[in-house]
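Participant: Okay, here's the structure, questions in a sec.
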């Protein structure tokens, strides 16, 4: 079978019983991603950095595709969790990068007054594959040399 797009277990998580993302209904746009391990997301305090939640998953896709990470609609109201960057953008060349193998993580802030506990296997967000377009005369030729947040390094 030709590989077009999909998910794999990221390096270092092969023996951690990670579930590959699935859609729950036939008309769902998003694949549900789970937390790879138990963690605590502390209540927000001014100046703090977001908490990165590991999924143990990486994704491959076509040259003109992107994987969008979105919060679960229930997370802000029920758990007080909001994505620090509103959405996550996973580019094709993030896959297999030398820093972290393309490991997908969610960056959360917790807006509740108390810490939030995430258990391994909890659904934390959704991943949606999308086509994207480039403008006439686009000259991007750079190569990704790292992982999370490395584009401008």
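Laboratory data are not the source of any read-out in this text; all were calculated from the coordinates shown. Because the structure is a prediction, the values reported are computed rather than measured. Please note: Cβ atoms are built from the backbone with ideal geometry, for glycine as well, and neighbour counts cover all protein chains shown.
Participant: Using Cα pairs under 8 angstrom and six or more residues apart, how large is the relative contact order of the chain, in percent?
Facilitator: Relative contact order here is 32 percent.
Participant: What is the P(r) of the chain, as percent of Cα-Cα pairs per 10 Å bin from 0?
Facilitator: Per 10 Å bin, starting at 0, the Cα pair percentages come out as 11, 38, 35, 14, 2, 0.
Participant: Let me ask another. Go ahead and run the numbers for FRET between residue 52 and residue 26, Cβ-Cβ distance against an R0 of 22 Å, rounding to 0.05. Mind showing how you got there, number by number?
Facilitator: Details: r = 32 Å, r/R0 = 1.44.
E(calc), rounded to 0.05, equals 0.10.
Participant: Please give the peptides 104-112, 59-67, 46-54 ranked by average Cβ packing (other Cβ atoms within 10 Å per residue), highest first, as a rough proxy for protection.
Facilitator: Put in order of decreasing packing, that is 104-112, 59-67, 46-54.
Participant: Ok, one more. Distance in nm between label sites at residue 136 and residue 1, each 7 Å beyond Cα in the beta-carbon direction?
Facilitator: In this crude label model, residue 136 to residue 1 measures out at 4.1 nm.
Participant: Enumerate the residues in segment 88-117 having an amide nitrogen under 13 Å from the point lying 7 Å beyond the Cα of residue 38 toward its Cβ.
Facilitator: Answer for this model: 117.
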